[in-house]
1. Among the strands (runs of 3 or more DSSP E) lying completely within region 152-200, list those that include at least 2 residues that are open to solvent by less than 40 Å² (accessible area, probe 1.4 Å) and on the phi < 0 side of the Ramachandran plot.
2. List pairs: first in region 102-118 and more than 9 Å from THR183 (Cβ to Cβ) and touching a residue at least 40 places away in the same chain (Cβ under 8 Å), second open to solvent by 50 Å² or more (accessible area, probe 1.4 Å) and of a type in the set (S, T, N, Q), Cβ under 9 Å, 6+ apart or cross-chain?
3. What number of residues within region 93-126 are closer than 12 Å to ASN68 by Cβ and out of contact with any His (no Cβ under 8 Å at 6 or more places or on another chain)?
4. Quick one: count up the residues across region 19-48 that are farther than 17 Å from SER62 by Cβ, surrounded by 15 or more Cβ atoms within 10 Å (Cβ to Cβ) and of a type in the set (Phe, Trp, Tyr).
5. Residues that are modelled with pLDDT under 95 and more than 16 Å from the chain's Cα centre (by Cα): does region 95-113 have at least one?
6. Consider region 22-37. How many of its residues are under 20 Å from ARG49 (Cβ atoms) and charged (D, E, K, R)?
7. Of the residues ALA102, ALA87, ALA53, which is within 26 Å of CYS185 (Cα to Cα) and open to solvent by 60 Å² or more (accessible area, probe 1.4 Å)?
Amino acid sequence: MLAIYFVNGNHLDAPPSPDINNRLYRNSGDWTFTDVTDRAGVGDTGYGRGCCAGDYDHDGDSDLCLSNFGRNVLYRNNGDGTFTDVAAAAGVEDLLWGQSSAWLDYDKDGRLDSFVQNYLTYSLDMRTDAFIYIGDEKLLDYAAPSNFKGAASHLYRNNGDGAFRDVTKEAGVLRPDGKGMNTVCYDMDDDGWVDIVPAW
């Protein structure tokens, strides 16, 4: 039965709050769900943007890849109702502004690879505050995305040993100025190879 994983944001101008985190709900099978976030160990407190589920280590359990503003997370399913964050060891932390991700087997070796889409080249110290007025009320506004450079997305090849290798450039999908929003991976031309269709 399918579970539900909710990705949430958090504070940007202050330390992340432990009370604001992602939530995992296990399907009870009777049209109800049970919050198992704490037991599963998947309550990431990052500024979440997206996630995708897939069995990257081919052990029969779904793993979770999280896209964050800042460090991304890869939760490996331990098979006992718990998960372990292995992003650093797997080489997929990607400290940019992660927007979305997708699993695909781009080289048809039987292992799931990962395409992680990044948004802007941005940090909080780059923020340009501006103010707008609604009547007499002064409100803080932010510069439009067009004022910032894009950020390259990354294609990670699954090595089969729990780690990934960045093959973005050699695979021909490097776009340094991309402002990724979402992506879909499917065989769009029916040639037997999975294609990457990003939205910039």
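The values are calculated or read from the model by the stated rules, or taken from the named source; none is laboratory data. Values in this document were obtained by computation on a predicted structure and should not be read as measured data. Neighbour counts are summed over all protein chains in view; Cβ atoms, including those assigned to glycine, are modelled from backbone coordinates with ideal geometry. Heads up: the accessible areas ignore ligands, DNA and RNA and are worked out on the full protein's heavy atoms, side chains in. Shrake-Rupley method; radii C 1.70, N 1.55, O 1.52, S 1.80 Å.
1. Those strands (runs of 3 or more DSSP E) span 154-158, 182-186.
2. ARG111/ASN159
3. Going through region 93-126 one residue at a time, the tally reaches 9.
4. Qualifying residue count for the region: 1.
5. No: zero hits.
6. Filtering region 22-37 for residues under 20 Å from ARG49 (Cβ atoms) gives 22-25, 37.
Right, trim to charged (D, E, K, R) and you get 23.
So the count comes out to 1.
7. Residue meeting the stated conditions: ALA53.
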